[in-house]
Amino acid sequence: MVRVYLHEVTKIFGKSVVALDKVELEVKSGEFMVVMGPSGHGKTTLLRIVAGLEEPTDGEIWIGDILVASPGKGIFIPPKDRNVGMVFQNWALYPHMKVFDNIAFPLRLKRLPRNEIEKKVREIAEILGIAETLDRYPRQLSGGQQQRVAIARALVKEPQVLLMDEPFSNLDARIRVTARAFVKDIQRKLGITTILVTHDPADALTLADRIAVLRRGVVQQIGLPSEVYDKPANIFVASFIGDINLFEGSIIGKGNETYFDGGDVKMQLPPNIGIPSNESAILGIRPEDIVLSKEIISNNDLIYVGKGIVEISEFAGGKFNVMVKLQSTEIRVVSSTSFRLGEMVHVYFNAQRIKVFDKQTEKLIY
Ligand code: ATP
């Protein structure tokens with residue numbers, strides 16, 4: 001097992017398309033790192049640079065103790081010598097080859113003896129549960145099976161690092177859940193250092209040991225899934241990883257008497273929140289961190305925000321998506337109980353879960 005380390009990696013396409021901007025990322029040995037970000041923000045470029053399919057413009061890439069790319073030092077180790085397996089977004093299976101030959105392909109390139117190829121292909125097919133498909137063509141397989149063939153082909157040469165580019169995007173929602181569990185399980189069993197890129201927060205939250213969030217080629221935050229979700233570095237990360245209500249306003253008072261004034265949404269903040277008075281701020285709260293009640297609740301963990309009117313209450317399988325209007329401000333709430341339309345409710349925010357961002361920098365300040 002090896003670590004992968006990107007040190008100040010920059011990639012500029014042509015004269016001015018900055019796909020990666022001084023990316024600093026260390027993937028520990030055996031770690032499952034998920035890199036997420038919107039489309040076109042550099043995720044695929046990052047993988048291709050680690051695989052050696054693309055040269056960085058600047059910076060260093062380390063795989064274990066080997067410096068595999070450094071334009072400054074004139075070093076570039078080609079993909080075939082990097083011991084990295086890659087699963088492409090479209091799986092890139094060879095349609096005219098049977099599954100066996102698809103998986104065997106990288107071993108034949110390495111000119112391994114025939115019996116060794118046979119043994120390795122059967123072994124990895126067994127591990128991935130596709131042993132019975134070896135004689136078929138890719139078109140004769142389900143999407144989930146095709147994906148496993150692509151993973152088998154990446155793993156058969158026993159790479160030190162596994163790279164996966166949006167591996168679930170070709171699968172429908174139901175198979176996706178099974179496929180995710182499967183990928184997680186295989187990664188854990190083999191303990192292989194893995195980088196998976198996706199734009200889907202659900203992939204990131206369920207699979208990752210740690211998540212790195214990219215925006216326009218710049219790393220915004222690297223952390224545990226719970227850290228990225230609960231303590232997002234800025235508004236971009238907060239809204240990309242999940243839904244969040246955001247209210248603009250300002251901080252008033254200090255010490256035990258600190259308030260947030262956002263027009264319709266006004267509330268007392270936890271004591272000694274440490275934000276200077278008169279500061280413009282954006283308050284954020286996730287829909288599941290809001291409590292609605294027909295009666296007044298007395299609970300120190302809840303901050304009273306005001307009375308609202310239920311505008312929407314829809315069943316979403318075991319929970320309800322509710323929209324409450326507080327004067328002219330709409331607030332999204334995930335609730336365990338349903339409400340009648342037009343019903344008056346008291347709105348509370350979970351004090352532990354509110355987030356305050358600086359209005360100018362959009363960075364998390366509390
Ligand atoms: P997606 O999820 O859509 O695949 P991504 O996050 O993987 O997006 P990249 O494919 O890494 O993003 O692209 C990052 C930026 O670099 C984009 O602006 C893209 O247009 C540009 N880019 C990528 N490859 C090239 C190339 N070969 N030549 C020129 N520009 C490129």
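Numerical summary
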| read-out | value |
| --- | --- |
| Tilt relative to the chain, helix 114-127 - C-alpha long axis, 0 to 90 degrees, to 10 | 20 degrees |
| Nearest-20 debye value, the chain charge dipole, Cβ charges on Lys, Arg, Asp, Glu | 1180 debye |
| Entries in Lys307/Lys359; Lys189/Lys355; Lys22/Lys189; Lys28/Lys231 that, when Cα-Cα distance is taken, lie over 31 Å | Lys189/Lys355; Lys22/Lys189 |
| Residues of type aspartates and glutamates that Lys325 reaches as a straight line, Cα spacing below 19 Å, ignoring anything fewer than 8 places off in the same chain | Asp243, Glu248, Asp261, Asp264, Glu288, Asp289, Glu295, Glu311, Glu314, Glu343 |
| In sequence order, calculated HN-Hα J values of the stretch 8-18 (Karplus, 6.51, -1.76, 1.60; Hz; x Gly/Pro) | 6, 7, 10, 10, 10, 8, x, 8, 9, 7, 8 |
| Degrees separating the helix 143-155 axis from the principal Cα axis of the chain, which is the longest one | 60 degrees |
| Candidate aspartates and glutamates - alpha carbon under 19 Å from Lys110, same-chain residues fewer than 8 apart omitted | Asp81, Asp101, Glu118, Glu123, Glu158 |
| Percent of beta bridges antiparallel (DSSP, the stretch 4-240, rounded to nearest 5) | 55 percent |
| Förster radius 35 Å - calculated FRET efficiency between Val177 and Ser16, Cβ distance, rounded to 0.05 | 0.30 |
| Span from the the stretch 54-87 Cα centroid across to the the stretch 122-185 one, whole angstrom | 26 Å |
| Diffusion constant of the chain at 10 °C, which comes from Stokes-Einstein with the Kirkwood Cα-pair radius and 1.306 mPa s, µm²/s | 69 µm²/s |
| Value of relative contact order over the chain, rounded to a whole percent, pairs C-alpha under 8 Å and six or more apart | 15 percent |
| Whole-angstrom gap from the stretch 1-42 to the stretch 281-331, using each part's C-alpha centre | 38 Å |
| ³J(HN,Hα), Karplus 6.51/-1.76/1.60, whole Hz, each residue of the stretch 244-251, x for Gly, Pro | 8, 7, 10, 10, 8, x, 9, 8 |
| Candidate aspartates and glutamates for bridging to Lys254, where Cα separation is under 15 Å - those fewer than 8 sequence places away on the same chain excluded | Glu279 |
| Cα-based convex hull, the stretch 212-318, per residue volume (Å³, whole number) | 165 Å³ |
| Degrees separating the helix 173-190 axis from the principal Cα axis of the chain, which is the longest one | 60 degrees |
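Throughout, read-outs are computed from the coordinates displayed, never taken from laboratory work. Given the structure is predicted, the values throughout are model-derived calculations rather than measurements. Cβ coordinates were reconstructed from backbone atoms using ideal geometry, including for glycine residues, and neighbour counts include every protein chain displayed.
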